[in-house]
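First up is the structure itself, then whatever we jot down about it.
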Amino acid sequence: GRLAGEQLAVAGGQLGAGLGNLLFALVAALVLAPGAFAELAAFLALYLLIHAPAGSLSAGSALSPALAARARRRAFLAGSAVGGGLAVLALPLAALLDLSPLLLLAAAAAAPTAGLLALDRGRLYGLGRRRRVVASLLAEPAVRLSIGVALAALAGPAGGAVAVVLA
């Protein structure tokens, strides 16, 4: 029963984070013009492409919390390489994809910390600090729904993208 409760708490945090992120996208669709929202949606897809593979690191560090400390440097270097490559290619990719280069630079800024976030969440989970895991999961959509919506309204898709990365 206790284990089920712990698992349900984390699953509830993941569900809450997913719903919060969906709500951010829906509010952004209302705040932004259709073309601007399409740009933000393209950024969110790229952000997901960066974070989904990096998120797999959390499983390993949940099984072995000490792994998180040992793998931090490699995860940061790999993320920095991805981010650096994306930053170098921002202008040609922006022209090819008909996006603002600022969106690609925001995605590049997110890459170095994607693996670190996954490692630390897994480590917290492995150490039994489930409340901190849930708080971490819910912090992202909270920032996106507050600062993200405000920045999107003020600065368009680039503002929303910056808030997504800051979250």
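The values are calculated or read from the model by the stated rules, or taken from the named source; none is laboratory data. As the structure is a computational prediction, the values presented were derived from the model and not from experiment. All Cβ positions, even for glycine, are placed from backbone atoms using ideal geometry, and neighbour counts span all protein chains on display. Surface accessibility is based on the protein's heavy atoms, side chains included, excluding ligands, DNA and RNA. Shrake-Rupley method; radii C 1.70, N 1.55, O 1.52, S 1.80 Å.
Observations on the structure shown:
- Test: residue in the stretch 145-158 that is surrounded by fewer than 17 Cβ atoms within 10 Å (Cβ to Cβ), of a type in the set (S, T, N, Q) and farther than 20 Å from Leu44 by Cβ: no
- Restricting the stretch 68-92 to residues that are hydrophobic (A, V, I, L, M, F, W, C) and within 18 Å of Val164 (Cβ to Cβ) leaves a set whose member that is surrounded by the fewest Cβ atoms within 10 Å (Cβ to Cβ) is Ala87.
- Residue match in the stretch 104-127 (condition: open to solvent by less than 50 Å² (accessible area, probe 1.4 Å) and more than 23 Å from Phe76 (Cα to Cα)): no
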